[in-house]
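J.: Here's a structure for you.
The values are calculated or read from the model by the stated rules, or taken from the named source; none is laboratory data. Values in this document were obtained by computation on a predicted structure and should not be read as measured data. Positions of Cβ are generated from backbone atoms using ideal geometry, with glycine treated the same way; all protein chains shown enter the neighbour counts.
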Amino acid sequence: MGEITLTIDGQEIEVDTGVTVLGAAQQAGIYIPTLCYHPDLTPYGACRLCLVEIENMRGLPASCATPATNGMVVRTKTPQLQEFRRGVLELMLSEHPHPCLTCWRRERCGPFDICLRSVDITQRCVTCPKNGTCELQEVVDYIGIENVELPSTLRGLPIDRENPFFERDYNLCILCGRCVRVCQEVRGVGAIAFTSRGSETLPGTAFGHALRDSDCRYCGACVDVCPTGALIERRRKYEGLPDTRVTTTCPYCGVGCQLELELKDGHIMEVLPLRDNDVNHGQACVKGRFGITEVVHHPDRLTTPLIKKNGKFEGATWDEALELIASKLSGFKKNEVVVISSAKCTNEDNYVVQKFTRTGFGHNNVDHCARL
Amino acid sequence: MAGLVTTFGSGAMTNSIRDISDAACILAIGTNTTEAHPVIALEMKKAVGKGAKLIVANTREIDLVKDATIWLRHRPGTDVALLMGMARVIMDEGLADTDFIEERCENFDEFKKSLKAFDLATVERITGVPAKKITEAAFIYATNSPAAIFYAMGITQHTHGTDNVIATANLAMLTGNMGKPAAGVNPLRGQNNVQGACDLGALPNVYPGYQSVADDAIRDKFERAWDATLSNKPGLTVTEMFDGAYNGSIKAMYIMGENPPLSEPDANHAIEALKKLDFLVVQDIFMSETAELADVVLPAASFAERDGTFTNTERRVQRVRKALEPVGDSRPDWLITCQIAQKMGIKGFDFDSPSEIMEEIASLTPAYGGITYERLEEGGLQWPCPTTDHPGTPILHVGIFSRGKGHFVPLEYKPSAELPDKEYPLLLTTGRNLFHWHSGTMTRRVSGLNNLLGEAWVDISPSDAEKLGIAHGDRVKITSRRGSVTARANVTEVSDKGVVYMNMHFAESAANVLTNPALDPVAKIPEFKVSAVKIAKA
């Protein structure tokens, strides 16, 4: 990998060969608007927002699909580019609800405010689950759109709720193709593709079948890459933004995917696979992505020690339970007591349990279900 | 695991997840990776996308077969014959890496002699795989380097599981596919922290870090560190503990976070054994089938409510971080055990936090010697990581095997303990499904997952189904010598003729009521993957 030098917006940048113009700009902290681009997917060049001007190159090349070369001189925000992008974005917005996107009061509105412009509740940004993290909002704010001149053609589609984990609201889809590509390129499944032609085009399953009759494995990768509110986990739909995020390790299989728990008001709002690590690179499976919150917050969780009296469990304090266990276990001959540890518990739990067995009972009768 | 210790000196995945996609050949045997380890399957598919050859050896037409260069449909329990057959072809065709064998391995001549019994005609007869296909697979594996082998419970859960593992190790050494990136022998661990539980000595024969309890110098080290008198006699395995409980020599049991009635073979026997105990303490996050039988149940905090570490299948120690307060009055497992110990007056359990426990682990466990919570903030560390300035070890056995020389082991084919006969004509094999996990105490409580797969199905081939008059979706009764369960019939080509398949996750149709508790003599792993059953409409 050799180094090459190029100039972007007057700034000299050194990058490895093979890096795209967009990649070079990102390394230098220069923002270029994108919507179909995703770092885990091959360049697509569909949204035409990342167009740039490059000296001695014809037309306006898409920076996501143009490799950087030595001596390149690139401009990312000329009036001509902004005008072009505005046109592209207007086309996109003509099929996406946009009254709030173009309203200067957007950030001041709450979900329960009365809209002075009488914007339909289904068309408001403030009632969209993606509000505040929407990439379309980010791009509109960068380019600046006050008015959409083109006639608005809203799709008026029903929201697809047939699968248990996420909702598909294709009224909000901007056809960036990320969901289709991640399913094919990264997951190797291809449960969805673009269906129909022209203005009818939408992502969907073959013959419009339900997801459960497709090859869908419910990994949620499509939901994670969607830039708008078109794909959203149902359980977090009305939660808004999280209070905090905590990085942890998935409690299911032995792969050890790194996950980010999004928390709000003392509960898990959503579980997202982490990108920046050597294990799962932003991917998870259905269990880690959608199968954790309900387990942790399940009403069946044991919340107090229980002691069986006359064949029935009765609640007890920790002191009572620990006292009983200590006196009972001390009452047996040491080799009559055995301990089973767990491959589901932490390293520290396992260490303490084996130390307890070995020092407390003077034997090695400790094992776990590794073999099973 | 015992198999890899014998051959290499260390029983863990030799390579890393991040270099799977650089492999030129992948041999996936006894693993339904897309279902049981979906994220690792992504890396395998990535490798195939980059031009790698994929050899799938599985009796079932699993999802991975779609991406395979070649699919070997061998009969369950014939892995040794298949792998030795491939080794024989590699030898006969002069494809072995003789420099590697000479320089880095030992006992090769003995191994070579044992190959004599595995001529292709014999192997074809045992495995049911055409000789031509075995030859082709051997060529693919031996001529595309680096080649990585992946296996899971489909290799280990047999009465000859240790032999199966050794067979994979022999094959990797034979072709010099050890100690380099994107190669090696890679066991995929089933549960989140099986690797860690083994590493930290939750095993009857070793202290933390696989240090033998029978070694006097090591016992001495732990006696001094723990200020206690320790035994040099290896203890009982789980299965032996249940036998002891059943026949009365074991009277009390303390179970932390396990659900043996679903995970033990011959589940009825396990339940009877638990009922015979005088005193049973169970610590879990839910009222599991095991907890129902307990005298005292202790509420544990879930993984989201406590700090700690898990060690994943590639030996990477990673942080678990507390995100929430423990629900109700529940407590982290380590704290509960410490409090029991303190009540009993046992010394050395006054830990304040998991990071303090990790400090003690590091001081006594050479492979974990350099691991601290502070370092783990930067990301996971792969053991061996002996010192605080050691970067961790992504690839094992580089330059030299953990035990010095790689040890070839001669093998012979041994049939499974229980094969189909007139009375029980079908072979049952068990496995895992994408939507559920292990004994189901967690995933069966997730409504969405139950919605996608809510009950047990038994996969049966169309020809067997027709013979038995079973239609897709029928309720059927599956019976073995140990018990019977009911499930719905899934008539599918995925299942080979004469072979039926069930998942292990469903308490109401527990596959392990049927399975055979016969053990591998070395690893003491039960034969979950092969038992004889009969099926009739319920």
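J.: Return only the number of the condition from (1) surrounded by fewer than 20 Cβ atoms within 10 Å (Cβ to Cβ); (2) under 21 Å from A:GLY256 (Cα atoms); (3) of a type in the set (Val, Ile, Thr) that B:VAL194 does not satisfy.
T.: With respect to (1) surrounded by fewer than 20 Cβ atoms within 10 Å (Cβ to Cβ); (2) under 21 Å from A:GLY256 (Cα atoms); (3) of a type in the set (Val, Ile, Thr), B:VAL194 is out only on (1).
J.: If you take the residues of the stretch B:351-363 that are more than 9 Å from chain A (Cβ to nearest Cβ) and under 16 Å from B:TYR207 (Cβ atoms), which of them is surrounded by the most Cβ atoms within 10 Å (Cβ to Cβ)?
T.: B:ALA362
J.: From the list B:ILE155, B:ILE140, B:ILE149, exactly one residue is in contact with a Gly (Cβ under 6 Å, 6 or more places away or on another chain), of a type outside the set (Asp, Glu) and touching a residue at least 60 places away in the same chain (Cβ under 8 Å). Which is it?
T.: That would be B:ILE155, the only listed residue that is in contact with a Gly (Cβ under 6 Å, 6 or more places away or on another chain), of a type outside the set (Asp, Glu) and touching a residue at least 60 places away in the same chain (Cβ under 8 Å).
J.: What do you reckon, is B:GLY348 modelled with pLDDT under 95 and within 8 Å of another protein chain (Cβ to nearest Cβ)?
T.: In short, yes.
So that you can scan it fast, the table gives a plain yes or no per residue for (1) of a type in the set (A, V, I, L, M); (2) in a loop (DSSP other than H, G, I, E, B); (3) touching a Lys or Arg at 6+ places or on another chain (Cβ under 8 Å):
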position	(1), (2), (3)
B:ASP163	no, no, yes
B:ALA167	yes, no, no
B:LEU171	yes, no, no
B:LEU203	yes, yes, no
B:ARG219	no, no, no
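J.: Oh, and also: Taking the stretch A:287-301 on its own, how many of its residues are surrounded by fewer than 24 Cβ atoms within 10 Å (Cβ to Cβ) and in contact with a Leu (Cβ under 8 Å, 6 or more places away or on another chain)? Can you show your working first?
T.: Going through the stretch A:287-301, the residues surrounded by fewer than 24 Cβ atoms within 10 Å (Cβ to Cβ) turn out to be A:293-294, A:296-301.
Those left that are additionally in contact with a Leu (Cβ under 8 Å, 6 or more places away or on another chain): A:296.
Within the stretch A:287-301, residues that are surrounded by fewer than 24 Cβ atoms within 10 Å (Cβ to Cβ) and in contact with a Leu (Cβ under 8 Å, 6 or more places away or on another chain) number 1.
J.: Let me ask something else. Out of the residues in the stretch B:246-261 meeting the condition of being more than 21 Å from the chain's Cα centre (by Cα), touching a residue at least 24 places away in the same chain (Cβ under 8 Å) and within 8 Å of chain A (Cβ to nearest Cβ), tell me which one is surrounded by the fewest Cβ atoms within 10 Å (Cβ to Cβ).
T.: Result: B:LYS251.
J.: Within the set of pairs 6 or more residues apart or between chains, which connect a residue that is more than 7 Å from chain B (Cβ to nearest Cβ) and without any contact (Cβ under 8 Å) to a residue 40 or more places away in the chain inside the stretch A:322-351 to a residue that is of a type in the set (Ser, Thr, Tyr) and part of a loop (DSSP other than H, G, I, E, B) with Cβ atoms less than 9 Å apart?
T.: Pairs that qualify, where the first residue is more than 7 Å from chain B (Cβ to nearest Cβ) and without any contact (Cβ under 8 Å) to a residue 40 or more places away in the chain and the partner is of a type in the set (Ser, Thr, Tyr) and part of a loop (DSSP other than H, G, I, E, B), are A:ASN335/B:SER249.
J.: So, one more: Take B:ASP459 and decide whether it is in a loop (DSSP other than H, G, I, E, B), at pLDDT 90 or above and charged (D, E, K, R).
T.: Here the answer is no, as B:ASP459 does not meet what is asked.
J.: Counting only residues that are of a type in the set (Gly, Ala, Ser), touching a residue at least 60 places away in the same chain (Cβ under 8 Å) and touching a Ser or Thr at 6+ places or on another chain (Cβ under 8 Å), how many does the stretch B:481-519 have?
T.: 5
J.: Could you say which residue among B:PHE100, B:PHE111 is among the aromatic types (Phe, Trp, Tyr), surrounded by 15 or more Cβ atoms within 10 Å (Cβ to Cβ), modelled with pLDDT of 90 or more and under 26 Å from B:ALA417 (Cβ atoms)?
T.: Just one listed residue meets the conditions, B:PHE111.
J.: While we're here: Filter the stretch B:206-227 down to the residues that are without any contact (Cβ under 8 Å) to a residue 60 or more places away in the chain and surrounded by fewer than 16 Cβ atoms within 10 Å (Cβ to Cβ), then identify the one that is nearest to B:SER402 (Cα to Cα).
T.: B:SER212
J.: Go through the stretch A:127-242 and tell me which strands (runs of 3 or more DSSP E), entirely inside it, have 1 or more residues that are surrounded by fewer than 20 Cβ atoms within 10 Å (Cβ to Cβ) and free of Cβ contacts under 8 Å to residues at least 60 places away in the same chain.
T.: A:193-195, A:202-204
J.: Sort out which residues of the stretch B:302-333 are crowded, with 22+ Cβ neighbours inside 10 Å, more than 7 Å from chain A (Cβ to nearest Cβ) and free of Cβ contacts under 8 Å to residues at least 40 places away in the same chain, and write them in order of number.
T.: Scanning the stretch B:302-333 gives a single hit, B:PRO332.
J.: What are the pairs, 6+ residues apart or on separate chains, where a residue within the stretch B:262-289 that is closer than 13 Å to B:THR441 by Cα and touching a residue at least 40 places away in the same chain (Cβ under 8 Å) has its Cβ under 7 Å from a residue that is of a type in the set (S, T, N, Q) and not in a helix (DSSP H, G or I)?
T.: B:LEU262/B:SER439; B:SER263/B:SER439; B:ILE285/B:SER302; B:PHE286/B:THR441; B:SER288/B:ASN259; B:SER288/B:THR441; B:GLU289/B:ASN259
J.: When you check A:ALA24 against the structure, is it more than 18 Å from A:TYR142 (Cβ to Cβ), in contact (Cβ under 8 Å) with a residue 24 or more places away in the chain, surrounded by 22 or more Cβ atoms within 10 Å (Cβ to Cβ) and assigned by TED's automatic domain parsing to the domain that holds A:ALA68, yes or no?
T.: Here the answer is yes, as A:ALA24 does meet what is asked.
J.: Another question, then. List pairs: first in the stretch A:289-310 and more than 7 Å from chain B (Cβ to nearest Cβ), second surrounded by 15 or more Cβ atoms within 10 Å (Cβ to Cβ) and aromatic (Phe, Trp, Tyr), Cβ under 9 Å, 6+ apart or cross-chain?
T.: Within 9 Å, the pairs are A:ARG289/A:PHE165; A:ARG289/A:TYR218; A:ILE292/A:TYR252; A:ILE292/B:PHE303.
J.: Given the criteria over 28 Å from B:ALA152 (Cβ atoms) and of a type in the set (D, E, K, R), does A:LYS287 qualify?
T.: Against the criterion (over 28 Å from B:ALA152 (Cβ atoms) and of a type in the set (D, E, K, R)), A:LYS287 does not qualify.
J.: Just one of (1) on the phi < 0 side of the Ramachandran plot; (2) in contact (Cβ under 8 Å) with a residue 12 or more places away in the chain; (3) at the interface with another protein chain (Cβ under 7 Å from one of its Cβ atoms) trips up A:GLY362, so point out which.
T.: If we test A:GLY362 against (1) on the phi < 0 side of the Ramachandran plot; (2) in contact (Cβ under 8 Å) with a residue 12 or more places away in the chain; (3) at the interface with another protein chain (Cβ under 7 Å from one of its Cβ atoms), just (1) comes out false.
J.: Scan the stretch B:491-501 and tell me whether some residue there is surrounded by fewer than 22 Cβ atoms within 10 Å (Cβ to Cβ) and over 22 Å from B:ALA57 (Cα atoms).
T.: For the stretch B:491-501, residues surrounded by fewer than 22 Cβ atoms within 10 Å (Cβ to Cβ) and over 22 Å from B:ALA57 (Cα atoms): absent.
J.: Give the residues of the stretch B:479-538 that are in contact with a Gly (Cβ under 7 Å, 6 or more places away or on another chain), under 14 Å from B:TRP457 (Cβ atoms) and not hydrophobic (A, V, I, L, M, F, W, C), sorted by residue number.
T.: Matches in the stretch B:479-538: B:ARG488, B:TYR501, B:ASN503, B:HIS505.
J.: Do we find a residue being under 18 Å from the mean Cα position of the chain (by Cα), crowded, with 24+ Cβ neighbours inside 10 Å and in a helix (DSSP H, G or I) anywhere in the stretch B:52-61?
T.: No, that holds for no residue.
J.: Looking only at the stretch A:240-275, count how many residues are basic (Lys, Arg) and under 20 Å from B:ILE20 (Cα atoms).
T.: The total comes to 1.
J.: Which one of A:GLY144, A:GLY177 is of a type in the set (Gly, Ala, Ser) and either within 20 Å of A:GLY208 (Cβ to Cβ) or in the same structural domain as A:HIS38 (by TED's automatic domain parsing) (or both)? Steps first, please.
T.: On the way: A:GLY144 fails: either within 20 Å of A:GLY208 (Cβ to Cβ) or in the same structural domain as A:HIS38 (by TED's automatic domain parsing) (or both).
Only one candidate qualifies: A:GLY177.
J.: Whether any residue in the stretch A:268-275 is farther than 26 Å from B:HIS37 by Cα, at the interface with another protein chain (Cβ under 9 Å from one of its Cβ atoms) and free of Cβ contacts under 8 Å to residues at least 60 places away in the same chain is what I want to check.
T.: no
J.: Where residues in the stretch B:228-244 are crowded, with 18+ Cβ neighbours inside 10 Å and of a type in the set (S, T, N, Q), which of them is nearest to the other protein chains (Cβ to nearest Cβ)?
T.: B:THR237
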